[in-house]
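Only the coordinates and a few stated rules stand behind these numbers; no lab work does. Please read all numbers here as calculations on a predicted model, not as lab measurements. Cβ atoms come from the backbone with ideal geometry, glycine included; neighbour counts cover every protein chain shown.
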Amino acid sequence: MIKVLIIGAGHAGGSVAAFLRQYGHDGPIVLAGEEDAPPYQRPPLSKAWLKGEADLDGLLLRPLSFYAEQNIDFRPSTTAVSIDPKARTVAFDDGSSETYDILVLATGSTARKLPLPGGDHPDLLELRTLKDAERLKAVLGPGKRLAVVGGGYVGLEAAASARALGAEAVVIERAPRVLARVASETLSAFFTDQHRARGVEILTGAEVTAVAPDGVTLADGSVVQADAVLVGVGALACDALARSAGLACDDGVVVDEQARTSDPTVFAVGDMTRRPIPVHGVHHRLESVPNALEQAKQAAAAIVGRPGPAPEVPWFWSDQYEYKLQIAGLPFDADRQVVRGEPATGSFAVFHLNGDRVVCVEAVNAPPEFMAGKQLIAKATPVEVVKLADMSVSMKAVAAQ
Ligand SMILES: Cc1cc2nc3c(=O)[nH]c(=O)nc-3n(C[C@H](O)[C@H](O)[C@H](O)COP(=O)(O)OP(=O)(O)OC[C@H]3O[C@@H](n4cnc5c(N)ncnc54)[C@H](O)[C@@H]3O)c2cc1C
C-alpha cells in the first residue's frame, strides 16, 4: 500500500487528502500542517469573516471529524523542517520524522515583508492566516484608523472590511494606481472611486521609506498616523524545504501538468508551485483557490493512476463592498482592451485581447461576461470586437462565425 505524506494542511494540501480518498486511494495518508486549525478557506479572512459575517466553522474546508472518518491522519501544529529524498523521510520540529512512498508538498506562500526600516517589527500586521486575521479584527472598529501598505486585492479588501466595521482606512500604494500589477487601468479606476466614495483614503505614487506599528513614513517626509498598520505587499512561495531537498525551483517549485516535481516521488501543489498553464502556453505561479483545487486534483489523480482533470483557464475573484470581481485568464500577451458596459453602472467587463482572441476578462458584477469570457479563452474562439463592445449583442453572439 502506498503511503502518502502531505506537508501543509491548507487549501491545496487538505484537498489532496480528500481527493485521494474520493479517487479510491486506500493506503495511509498523513496530513501534517504548521497551523493548529484543520484546512480552512483564506478568502473570507479579508472579506466575510473579517466583517463578522462568517464564523470559524464556515471557514473550514471540511469539519474536523472528516479526517478521522476518512482515515486521514491529520496532524495539526506540526512543522516539517527537512526532507531526506533518498531515505524518503521528512523530519518535524518536534524531533519526530515520518517516512513516505509519495510526498506532496503544499506549503503555500508567506506574506512578503517590507525591506525597509521597521519592516520586521512584530507588531506590524499581515494577513495570511486565521491568527493574522484575528489580530487585525481586534484593532478594527469605530474610532480606529488602519493604514494599509499595498493596494493589491488583500489590502483593498481589508480596507473595505475596516470601513464596514466603522474604522477609518488609508491605503498607501507606491505605483501610480492600485492593483497596478494585476488589473487594467479601468478596473483600478473603478475600485479607487468606490473606495474613495466610502471614505477610504487612497494615496498612490506614495513611496514608503519606513514603517512602525503606529505610522508609515513616506518619501516626502510626511507620516501617515494609524492605530495599526497592515502590510499587504504580496506573497512569496514557501519553497525553502523543496530547495534544500534539491528539487528544481524557480520562484516556486517547478511542476508539470500532473503536479510532479523533478523528483518522481514528490508532488507539489498550490501557491508554492510554478506550473504550466496550457491554455496560455506559459509557466506561472498562481495564488488562487481554483489553482489549489485544480492542482490537488492533478496530484491525486496521478498518485492513484487515473486520468487528470482537463486543463482549466486560471480564474480568481475578489469581493469589495457590493461588487464581485471575477477574473479569468492572463493578460500578459494582450494587445488591446475592450470595455463592455459602463463602469458607472457598477456592472461591466474589461476584455483583454490578442488579435481577435480573448486572453483575459475582468468582470465586475457581470457573471454572464465572466462565464462567456472564460469559455472564449478556453476554446480560443475568435470574436468580433465591435460586437463584444456592444451590450445589445448577447455574449453568445459575439463569437465570430
Ligand atoms: C486574505 C486572503 C484572501 C484571499 N482571497 C482570495 C480570493 O478571493 N480568491 C482566491 O481565489 N484566492 C484568494 N486567496 C488565495 C488563496 O487563499 C490561496 O491561493 C490558497 O489558500 C492557496 O492554498 P495553498 O494550500 O497553496 O496554501 P495555503 O492555504 O497558504 O496553505 C499552506 C499551509 O502550509 C502550511 N505550511 C507551510 N510550511 C509548512 C511546513 N514547513 N510544515 C508544515 N506546514 C507548513 C502553512 O502553515 C499553511 O497552513 C486569498 C488569500 C489570502 C491570504
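Laid out as a table, the results:
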item	result
Dipole moment magnitude, nearest 20 debye, segment 130-231 about Cα centre, only Lys, Arg, Asp, Glu C-beta charged	220 debye
Under 5 Å, built H, 5+ apart or other chain: amide partners of Ala210	Thr217
Charge dipole (debye, nearest 20) of segment 254-387; +1 at Cβ of Lys and Arg, -1 at Cβ of Asp and Glu	300 debye
Spatial separation of Cα centroids for segment 101-162 and segment 329-401, in angstrom	33 Å
Rounded FRET efficiency, nearest 0.05, which uses the C-beta distance separating Arg196 from Lys144 and R0 of 25 Å	0.80
Within the chain, percent of DSSP bridges classed antiparallel, to nearest 5	60 percent
For segment 130-231, the Rg and Dmax computed from alpha carbons only, in angstrom	12.8, 35
Spatial separation of Cα centroids for segment 1-26 and segment 57-96, in angstrom	10 Å
Hits among lysines - C-alpha to C-alpha of Lys3 under 19 Å, sequence gap 8 or more where chains match	Lys86, Lys297
Amide H partners (placed H, <5 Å) of Lys144, local residues excluded	Glu168
Label-to-label distance, nm, for residues given as Ala54 and Ala164 (7 Å Cα→Cβ offset)	1.0 nm
Top positive-direction residue, dipole computed over the chain with Cβ charges, set Ala389, Gly95, Leu236	Ala389
FRET efficiency, Asp73 to Asp390 (Cβ-Cβ, R0 60 Å, nearest 0.05)	0.60
Amide H contacts under 5 Å for Thr78, placed H, 5+ residues apart	Gly33, Glu34, Glu35
Backbone HN-Hα couplings from phi across segment 209-221 [Karplus 6.51/-1.76/1.60, Hz, Gly and Pro as x]	10, 7, 10, 8, x, 10, x, 10, 8, 9, 4, 7, x
MRE, 222 nm, helices only [DSSP H, n ≥ 4, -39500 (n - 2.57), over the chain, to nearest 500]	-6500 deg cm²/dmol
Alpha-carbon centroid distance for the pair segment 212-233 / segment 247-284, whole angstrom	37 Å
Net length gained if the chain between Arg112 and Asp333 were fully extended (0.36 nm per residue, minus Cα distance)	76.9 nm
Whole-Hz ³J(HN,Hα) from phi, Karplus 6.51 cos²θ - 1.76 cosθ + 1.60, for segment 12-27, glycine and proline x	6, x, x, 6, 4, 4, 5, 5, 4, 5, 4, 8, x, 5, 10, x
Dipole axis of the chain (+1 Lys, Arg; -1 Asp, Glu on Cβ), positive-most option in Val339, Gly141, Val200	Val339
Considering only segment 130-231, percent of DSSP beta bridges that pair antiparallel, nearest 5	35 percent
J(HN,Hα) series, segment 176-190, from Karplus relation 6.51 cos²θ - 1.76 cosθ + 1.60, nearest Hz, glycine and proline x	x, 8, 5, 6, 4, 6, 10, 8, 6, 4, 4, 5, 4, 5, 4
Whether the chain is rounded, prolate or oblate, judged on the alpha carbon gyration tensor where a/c under 1.5 counts as rounded	oblate
